[in-house]
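Since the structure comes first, as structure tokens, the remarks are kept for the end.
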Amino acid sequence: MAKLSTLIIIFAIVASAHTTALWLKRATPRTVMVESEKVFCSFLPKTYREEIRNSEDDAITFCTEANPVNAPEAKKFPNGFIKSANFAKEKEFVQITGTIDRTKYKLKKSDRGG
């Protein structure tokens, strides 16, 4: 019985380590930054034409400017992608809303997001 208990504990440790490794692999840091209607970031698929819902695990950060201080390594939104932006800030939150031109990143008209 002691050998069986030891074996179960070993399997549990191995399974736990494997799960942690998978989680760490998927937990690549990504940054969403909202400072103003002129300076903000969001996510886009890593490749043109990819659906947003299919890119949730590997989306990349795009900002209104390339490599802003609070979002290093972020790319700049394609020219003309952001059509309008409205910024709201309260004590508990910041928010950016607006419109995009999906054709500038070749997002499908049928794509409803993630």
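No value in this document is a laboratory result; all are computed from the given coordinates. What you are looking at is a predicted structure, and each value in this text was computed from that prediction instead of being measured. For neighbour counting, all protein chains shown are included, and Cβ atoms are generated from backbone atoms with ideal geometry for every residue, glycine included.
Summary of computed values
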{"read-out": "Restraint check, K38/K108; K75/K106; K46/K91; K76/K108; K38/K76, Cα-Cα greater than 24 Å", "value": "K38/K108; K46/K91"}
{"read-out": "Dipole moment magnitude, nearest 20 debye, segment 41-105 about Cα centre, only Lys, Arg, Asp, Glu C-beta charged", "value": "280 debye"}
